[in-house]
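Here the structure comes first, spelled out in structure tokens, and everything after it is commentary.
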Amino acid sequence: MKINIVGGGPAGLYFAILMKKSNPANEITVYERNGPDDTFGWGVVFSGRTLETLRQADAESHAEITGQFEAWDNVDVVKDDEKISVRGNSFTGISRLRLLKILQHRAEQLGVAVLFRSEITDIESLRADCHLMVGADGINSTVRQRFADRFEPNLSVRSNKYIWYGTNQLFHGLTLTFRVSDAGIFSAHSYKFNQTTSTFIVECDQLTWQRGGFEELNDVETRSYLQQVFKSDLQGRPLLSNNSKWINFVLVKNSQWAFENTVLIGDALHTAHFSIGSGTKLAMEDAIALANSFQRHDDTLDALYEFESSRKPYIEEYQAAALESMLWFENVRQYSHLSPIELAYSLMMRSGRVNHADLKKRDPQFVSRYEAAAS
Ligand SMILES: Cc1cc2nc3c(=O)[nH]c(=O)nc-3n(C[C@H](O)[C@H](O)[C@H](O)COP(=O)(O)OP(=O)(O)OC[C@H]3O[C@@H](n4cnc5c(N)ncnc54)[C@H](O)[C@@H]3O)c2cc1C
């Protein structure tokens with residue numbers, strides 16, 4: 001089978017690996033516009049359960065990934081200089097670049113052709129020249145745009161602004177920090193992803209962003225402003241930029257996931273707000289689901305049909321939970337009167353995926369403290 005994949009992110013590379021593994025005769029090419037060492041962002045997170053899924057799909061890359069990651073089980077909520085830790089939330093962090101290097105190496109080792117610095121603009125020719133074309137080209141997918149009449153995408157640009165930084169201040173656990181400044185409330189989502197670096201994403205609403213005057217500030221000025229806001233959390237350490245820019249989150253959905261020999265996976269197909277840290281997980285699980293469908297069906301249309309019909313309900317449920325989480329952060333002002341323990345409780349319950357009993361099982365001490373405060 002000849003497979004052309006547009007995009008060498010986690011979704012495209014992982015799908016290439018799994019399809020080459022399942023049949024070495026598959027002729028697979030990944031077209032990636034960036035070089036092998038270019039990336040955006042800093043670290044990504046996986047839950048314990050996701051890692052087990054990755055182990056079952058490809059033990060070799062799983063071993064490499066788990067050899068490089070940082071693990072924790074606490075969510076820390078910081079408000080008014082008080083830190084509330086909630087245990088029982090198993091997560092791991094790894095640098096996005098490290099993850100991509102592992103997947104690139106594994107794909108090449110198996111015989112996948114990964115063509116870097118190959119930006120695809122002529123989608124039709126690529127599509128005509130293969131049995132299967134995969135659009136794994138991320139949130140601004142060219143494949144999705146070119147065939148918008150077939151995929152029927154629905155893009156919702158959200159109002160909050162966010163910016164993705166790194167820092168050498170280490171946050172041991174997923175740390176959600178809330179700071180009030182003259183401009184408004186800033187939330188930070190941070191976690192350590194290697195021995196020396198943490199991801200540090202700052203988010204605020206439109207009004208706070210305007211009052212902060214960020215439109216007029218350059219990179220150095222923006223970092224200096226935010227370093228001041230999060231001074232005690234960063235303990236004087238600088239925010240590190242990686243061409244970091246303020247962006248609005250875009251919620252992506254597609255009515256149709258595939259047609260003829262063409263399918264979307266990963267961020268090209270769907271997004272879930274970064275506050276539930278699952279974009280990379282979903283992208284790699286798409287790759288697994290699609291590869292599994294091809295294990296069960298020789299016919300491309302049958303495989304694509306199964307992929308869409310079996311995975312869509314799961315993704316819809318995930319996006320619904322991520323939406324609740326995103327709305328919580330978009331409406332953070334309405335929670336600002338809560339005490340730190342109440343805020344932590346509200347945060348843990350925000351996506352609707354965890355209820356009071358689950359939380360009690362995860363961290364009985366935290367729930368007792370909350371119950372005492374709330375009574
Ligand atoms: C602020 C922020 C924080 C995040 N935090 C997390 C997190 O903690 N955990 C997590 O799991 N996920 C996180 N994510 C999401 C994660 O980055 C994505 O969901 C994930 O990378 C999706 O993988 P993908 O392979 O579908 O797309 P991408 O990683 O975007 O890869 C797409 C690739 O396609 C290439 N490409 C695009 N167009 C073309 C073209 N025309 N020709 C050739 N190549 C092309 C791009 O260069 C890119 O390499 C976060 C995202 C953001 C924005």
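The values are calculated or read from the model by the stated rules, or taken from the named source; none is laboratory data. Keep in mind the model is a prediction, meaning the values are calculated, not measured. Please note: Cβ atoms are built from the backbone with ideal geometry, for glycine as well, and neighbour counts cover all protein chains shown. Heavy atoms of the whole protein, side chains included, go into the accessibility calculation; ligands, DNA and RNA do not. Shrake-Rupley method; radii C 1.70, N 1.55, O 1.52, S 1.80 Å.
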- Message: Here's a check for you: in the range 276-308, which residue that is of a type in the set (Ser, Thr, Tyr) and near the ligand (Cβ under 9 Å from one of its atoms) is nearest to THR175 (Cα to Cα)?
- Response: SER278
- Message: Given the criterion within 16 Å of the ligand (Cβ to nearest atom), β-branched (Val, Ile, Thr), part of a strand (DSSP E or B) and open to solvent by less than 20 Å² (accessible area, probe 1.4 Å), identify the matching residue among ILE94, ILE84, ILE102, ILE65.
- Response: ILE94
- Message: For the list (1) polar (S, T, N, Q); (2) assigned to a strand (DSSP E or B); (3) touching a strand residue (DSSP E or B) at 6+ places or on another chain (Cβ under 6 Å), I need the number of the one condition that SER159 fails.
- Response: (3)
- Residue check, TRP42 against (1) within 26 Å of ALA344 (Cα to Cα); (2) at pLDDT 95 or above; (3) surrounded by 22 or more Cβ atoms within 10 Å (Cβ to Cβ), all met but one. Which one? (2)
- Query: ARG87: under 19 Å from the mean Cα position of the chain (by Cα) and on the phi < 0 side of the Ramachandran plot, yes or no?
  - Reply: no
- When ASN89 is run through (1) under 30 Å from THR177 (Cα atoms); (2) at pLDDT 95 or above; (3) open to solvent by less than 20 Å² (accessible area, probe 1.4 Å); (4) more than 10 Å from the ligand (Cβ to nearest atom), the failure sits at (2)
- Task: Could you tell me which of the residues VAL75, VAL44 is within 12 Å of the ligand (Cβ to nearest atom), aliphatic (A, V, I, L, M) and under 26 Å from ARG179 (Cα atoms)?
- Result: VAL44
- Item | SER336 vs. criteria loosely packed, with under 14 Cβ neighbours inside 10 Å and within 24 Å of MET133 (Cα to Cα) | no
- Query: Among the residues of the range 230-251, is there at least one that is without any contact (Cβ under 8 Å) to a residue 12 or more places away in the chain, of a type in the set (Lys, Arg), surrounded by fewer than 22 Cβ atoms within 10 Å (Cβ to Cβ) and more than 16 Å from ILE315 (Cα to Cα)?
  - Reply: yes
- Message: Whether any residue in the range 213-227 is in contact with a strand residue (DSSP E or B) (Cβ under 6 Å, 6 or more places away or on another chain) and of a type in the set (Val, Ile, Thr) is what I want to check.
- Response: no
- Considering only residues of the range 8-39 that are under 21 Å from the mean Cα position of the chain (by Cα), surrounded by fewer than 24 Cβ atoms within 10 Å (Cβ to Cβ) and of a type in the set (D, E, K, R), which is farthest from the ligand (Cβ to nearest atom)? ASP37
- Query: Has the range 263-275 got any residue that is within 13 Å of the ligand (Cβ to nearest atom), open to solvent by 20 Å² or more (accessible area, probe 1.4 Å) and assigned to a helix (DSSP H, G or I)?
  - Reply: yes
- Please work out which one of (1) open to solvent by 50 Å² or more (accessible area, probe 1.4 Å); (2) under 30 Å from LEU207 (Cα atoms); (3) part of a loop (DSSP other than H, G, I, E, B) is the condition SER351 fails and give its number. (1)
- Give the residue, chosen from ILE201, ILE185, that is away from the ligand (no atom under 13 Å from the Cβ), open to solvent by less than 30 Å² (accessible area, probe 1.4 Å), among the β-branched types (Val, Ile, Thr) and touching a strand residue (DSSP E or B) at 6+ places or on another chain (Cβ under 9 Å). ILE185
- Note on the structure: Counted residues in the range 354-375 being under 24 Å from HIS273 (Cβ atoms), open to solvent by 20 Å² or more (accessible area, probe 1.4 Å) and touching a residue at least 60 places away in the same chain (Cβ under 8 Å) come to 1
- Query: Where residues in the range 124-147 are part of a helix (DSSP H, G or I) and within 8 Å of the ligand (Cβ to nearest atom), which of them is most open to solvent (accessible area, probe 1.4 Å)?
  - Reply: THR142
